[in-house]
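Worksheet: one structure, shown below.
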Amino acid sequence: SGKFLHLYAEILEKDGTLEFKTDNRPLFDFSLQEFPESHWHIDACTFDLHHNSEMNQNNIMTEYEEKFSSIGNPICKLIASRII
């Protein structure tokens with residue numbers, strides 16, 4: 001939500017980026033709207049991380065990511081930076 005994106009903007013270094021991953025497609029779609037509205041630029045985005053070799057490079061799989069991916073849920077990921 002915009003509230004959390006504002007908090008992240010306060011603690012993130014000026015040139016830092018935020019990476020967001022989820023298997024929850026409605027949440028991801030909501031986030032795609034919230035980032036620009038909260039003055040963040042979406043630098044990269046995929047709706048199926050494990051089938052996107054560029055975005056999956058150096059991916060550190062979380063416990064939840066492994067669990068939901070193993071049952072066939074695609075993992076969505078975006079990388080965003082603040083618009084200054």
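Quick notes on this one:
- Using 0.36 nm per residue and subtracting the Cα-Cα separation, the extra length available between Phe4 and Ser53 on full extension is 14.7 nm.
- Portion, in percent, of the accessible area of the chain that falls on carbon or sulfur, probe 1.4 Å: 53 percent
- Chain lengthening between Tyr64 and Glu37 when straightened (0.36 nm per residue, less Cα-Cα): 6.9 nm
- Only one of [x] 13.8, 43; [y] 13.0, 40; [z] 11.3, 30 was calculated from the structure for Rg and Dmax of the Cα atoms in Å, and its label is [y].
- Solvent-accessible surface ranking, highest first, for His41, His51 at 1.4 angstrom: His51, His41
- Selected from Pro36, Pro26, Pro74 as most flexible by GNM, with the chain as the system and alpha-carbon contacts under 10 Å: Pro26
- The lysines whose alpha-carbon is closer than 25 Å to the alpha-carbon of Lys14, local same-chain residues fewer than 8 away aside, are Lys3, Lys77.
- Glu34 contributes an accessible area of around 40 Å² to the protein surface, as traced by a 1.4 Å probe with all chains present.
- Per-residue SASA entry for Lys3, accessible area with 1.4 Å probe, Å² rounded to 10: 150 Å²
- Surface per residue (accessible, 1.4 Å probe) for the chain, Å²: 70 Å²
The values are calculated or read from the model by the stated rules, or taken from the named source; none is laboratory data. This is a predicted model, so every value here is computed, not measured. Accessible surface is based on the protein model in full, side chains and every heavy atom, while ligands, DNA and RNA are left aside. Shrake-Rupley method; radii C 1.70, N 1.55, O 1.52, S 1.80 Å.
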